[in-house]
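A.B. asks: Sharing a structure, written as structure tokens. Questions coming.
The values are calculated or read from the model by the stated rules, or taken from the named source; none is laboratory data. A quick note: this is a predicted structure, and the numbers were derived from the prediction, not measured. Every residue, glycine as well, gets a Cβ built from its backbone with ideal geometry; the counts of neighbours run over all protein chains shown.
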């Protein structure tokens, strides 16, 4: 491991020990704001501190074992121990490099999940429904909360569009790579001759914007319309103009919300989704303006940005960004998404590490 990285880790270790002492100081405990701030920093440094301490122990063991190589009776055992220790050392160094990568502050936040039917008519809407069930089951597995923001139902089932807010621990960090075009290949229920059809849906994952930032949106940039809720019947039909449509005039972004009976609640939900879309739009423009020398694993949410293919006849699912193919489609559709998400996160971190190593050369 490079001397500059070891120096940085030693500084982090000193800071970790300093905070540990501060957190038992009565004056710090009385100052709740500072106590919470230090507690958060302590929690952030805990993993890297423990990892660095274990790396140090292994490093010391390697040096001690190397001395035993000079002993003819211990040489064979020492060689085996040395081989295992060096392997563990490399594993810890990889983990430390990842822990040192710049953190995306948005990763800790909640997000909005938007799924829209694309090409394929009724089958695309049905698949949009299947995708939402998949993400909903994944949220249950992660102990996240799912709140429906708006629904536009398909004529034969599923959704033309569904927007949900997902809340919990590191939601955006886990789901942000899901944005993009999702393609399905299967025999639709409406197909009488058993032919395989190809349909598409678009998924967009937007980070939730804090309330303070939502309040900063210029009201003069908004056009707010009310209309009567409509739907397939039952609870979706309303006799009052409670549905809300908000248009952000500068960007022409339009958000509708009609899931609540209260106009006030629909407006609040629509504003939160609008703020998230405005932020996502700004980030996308920034990415386009920046150099595109390296691939970008973060999808845009555009239909053309096709990230994944679900092939039902073969039980196959392929992530087009990293050429990953697995034959466990049923498990994925039942919410076992980590087998797709984790490889993307690993690849993204590998790209970050490569970029970091280039900067340090």
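A.B. asks: Just name the residue that is nearest to the chain's Cα centre (by Cα) out of those in the range 191-209 that are more than 25 Å from residue 306 (Cα to Cα) and at pLDDT below 90.
C.D. replies: Initially, the range 191-209 is screened for residues more than 25 Å from residue 306 (Cα to Cα), giving 192-194, 209.
If we keep only those that are at pLDDT below 90 too, we end up with 192-194.
Values: 192: 39, 193: 40, 194: 37 Å.
Filtering first and then ranking leaves 194.
A.B. asks: Give the residue, chosen from 148, 162, 77, 115, that is without any contact (Cβ under 8 Å) to a residue 60 or more places away in the chain and touching a strand residue (DSSP E or B) at 6+ places or on another chain (Cβ under 9 Å).
C.D. replies: Result: 162 is the single residue among 148, 162, 77, 115 that is without any contact (Cβ under 8 Å) to a residue 60 or more places away in the chain and touching a strand residue (DSSP E or B) at 6+ places or on another chain (Cβ under 9 Å).
A.B. asks: Would you be able to tell me the number of residues in the range 307-320 that are in contact with a strand residue (DSSP E or B) (Cβ under 6 Å, 6 or more places away or on another chain) and touching a residue at least 60 places away in the same chain (Cβ under 8 Å)?
C.D. replies: 6
A.B. asks: For the range 128-155, give me each residue that is within 16 Å of residue 200 (Cα to Cα) and modelled with pLDDT under 95.
C.D. replies: The one that is within 16 Å of residue 200 (Cα to Cα) and modelled with pLDDT under 95: 154.
A.B. asks: Taking the criterion of being within 32 Å of the chain's Cα centre (by Cα), in contact (Cβ under 8 Å) with a residue 60 or more places away in the chain and in the same structural domain as residue 86 (by TED's automatic domain parsing), would at least one residue in the range 6-24 satisfy it?
C.D. replies: For the range 6-24, residues within 32 Å of the chain's Cα centre (by Cα), in contact (Cβ under 8 Å) with a residue 60 or more places away in the chain and in the same structural domain as residue 86 (by TED's automatic domain parsing): present.
A.B. asks: Here's something else I'd like to know. Examine the range 140-147 for a residue that is under 30 Å from residue 242 (Cβ atoms), assigned to a helix (DSSP H, G or I), within 23 Å of the chain's Cα centre (by Cα) and in the same structural domain as residue 246 (by TED's automatic domain parsing), and state whether such a residue exists.
C.D. replies: Start the filter on the range 140-147 by keeping residues that are under 30 Å from residue 242 (Cβ atoms), which leaves 140, 144-147.
In the following step, the residues that additionally are assigned to a helix (DSSP H, G or I) were identified as 140.
With the extra rule that they be within 23 Å of the chain's Cα centre (by Cα), the set shrinks to 140.
Still in the running and in the same structural domain as residue 246 (by TED's automatic domain parsing): 140.
Yes, that holds for at least one residue.
A.B. asks: Which of the residues belonging to the range 155-182 are surrounded by fewer than 21 Cβ atoms within 10 Å (Cβ to Cβ) and more than 17 Å from residue 140 (Cα to Cα)?
C.D. replies: Of everything in the range 155-182, those that are surrounded by fewer than 21 Cβ atoms within 10 Å (Cβ to Cβ) and more than 17 Å from residue 140 (Cα to Cα) turn out to be 155, 156, 157, 160, 161.
A.B. asks: From (1) in contact with a strand residue (DSSP E or B) (Cβ under 9 Å, 6 or more places away or on another chain); (2) within 30 Å of residue 298 (Cα to Cα), pick out the condition that doesn't hold for residue 170.
C.D. replies: (1)
A.B. asks: Among the residues of the range 210-221, write down those that are more than 27 Å from the chain's Cα centre (by Cα) and exposed (fewer than 12 other Cβ atoms within 10 Å of the Cβ). Steps first, please.
C.D. replies: Within the range 210-221, the first condition is being more than 27 Å from the chain's Cα centre (by Cα), and the residues that meet it are 218-221.
Within the range 210-221, 218, 219, 220 meet the criteria.
A.B. asks: Being within 18 Å of residue 92 (Cβ to Cβ) and either free of Cβ contacts under 8 Å to residues at least 12 places away in the same chain or touching a strand residue (DSSP E or B) at 6+ places or on another chain (Cβ under 6 Å) (or both) is the filter here, so list the residues in the range 51-72 that pass it.
C.D. replies: Answer for the range 51-72, where residues must be within 18 Å of residue 92 (Cβ to Cβ) and either free of Cβ contacts under 8 Å to residues at least 12 places away in the same chain or touching a strand residue (DSSP E or B) at 6+ places or on another chain (Cβ under 6 Å) (or both): 56, 57, 60, 63, 64.
A.B. asks: Also, I was wondering about something else. Please indicate, with yes or no, whether at least one residue in the range 38-50 is more than 22 Å from residue 7 (Cβ to Cβ) and either crowded, with 16+ Cβ neighbours inside 10 Å or more than 26 Å from the chain's Cα centre (by Cα) (or both).
C.D. replies: Checked the range 38-50: at least one residue is more than 22 Å from residue 7 (Cβ to Cβ) and either crowded, with 16+ Cβ neighbours inside 10 Å or more than 26 Å from the chain's Cα centre (by Cα) (or both).
A.B. asks: Considering the range 19-36 alone, what residues qualify as being surrounded by 12 or more Cβ atoms within 10 Å (Cβ to Cβ) and in a helix (DSSP H, G or I)?
C.D. replies: Step one: list which residues in the range 19-36 are surrounded by 12 or more Cβ atoms within 10 Å (Cβ to Cβ), which gives 19-20, 22-23, 25, 28-29, 31, 34-35.
Hits for the range 19-36 are 19, 20, 22, 28, 29, 34, 35.
A.B. asks: Quick one: would you say residue 9 is surrounded by 15 or more Cβ atoms within 10 Å (Cβ to Cβ) and in contact with a helix residue (DSSP H, G or I) (Cβ under 7 Å, 6 or more places away or on another chain)? Show your work before the answer.
C.D. replies: Values: surrounded by 15 or more Cβ atoms within 10 Å (Cβ to Cβ): yes; in contact with a helix residue (DSSP H, G or I) (Cβ under 7 Å, 6 or more places away or on another chain): yes.
The answer is yes for residue 9.
A.B. asks: Now for a different question. Answer yes or no as to whether residue 69 is touching a helix residue (DSSP H, G or I) at 6+ places or on another chain (Cβ under 6 Å) and either within 30 Å of residue 172 (Cβ to Cβ) or surrounded by 12 or more Cβ atoms within 10 Å (Cβ to Cβ) (or both). Talk me through it step by step, then tell me what you get.
C.D. replies: On the way: touching a helix residue (DSSP H, G or I) at 6+ places or on another chain (Cβ under 6 Å): yes; either within 30 Å of residue 172 (Cβ to Cβ) or surrounded by 12 or more Cβ atoms within 10 Å (Cβ to Cβ) (or both): yes.
Here the answer is yes, as residue 69 does meet what is asked.
A.B. asks: What's the number of the condition residue 30 fails, among (1) in contact (Cβ under 8 Å) with a residue 40 or more places away in the chain; (2) more than 21 Å from residue 11 (Cβ to Cβ)?
C.D. replies: (1)
A.B. asks: Now for a different question. Given the condition part of a helix (DSSP H, G or I), out of contact with any strand residue (DSSP E or B) (no Cβ under 6 Å at 6 or more places or on another chain) and under 30 Å from residue 3 (Cβ atoms), answer yes or no: does some residue in the range 101-108 qualify?
C.D. replies: At the first step, the residues of the range 101-108 found to be part of a helix (DSSP H, G or I) are 105-108.
Going one step further and asking which of them are out of contact with any strand residue (DSSP E or B) (no Cβ under 6 Å at 6 or more places or on another chain), we end up with 105, 107-108.
The next check asks that each one be under 30 Å from residue 3 (Cβ atoms); those that pass are 105, 107.
Looking through the range 101-108, at least one residue is part of a helix (DSSP H, G or I), out of contact with any strand residue (DSSP E or B) (no Cβ under 6 Å at 6 or more places or on another chain) and under 30 Å from residue 3 (Cβ atoms).
A.B. asks: Does residue 160 qualify as being part of a helix (DSSP H, G or I) and more than 23 Å from residue 104 (Cβ to Cβ)? First the steps, then the outcome.
C.D. replies: Numbers: part of a helix (DSSP H, G or I): no; more than 23 Å from residue 104 (Cβ to Cβ): yes.
For residue 160, the condition - part of a helix (DSSP H, G or I) and more than 23 Å from residue 104 (Cβ to Cβ) - is not met.
A.B. asks: Would you list the strands (runs of 3 or more DSSP E) that sit entirely within the range 222-317 and hold 3 or more residues that are out of contact with any helix residue (DSSP H, G or I) (no Cβ under 7 Å at 6 or more places or on another chain), at pLDDT 85 or above and crowded, with 17+ Cβ neighbours inside 10 Å? First the steps, then the outcome.
C.D. replies: Details: elements: 222-227, 243-248, 253-257, 306-311.
By residue number, 306-311.
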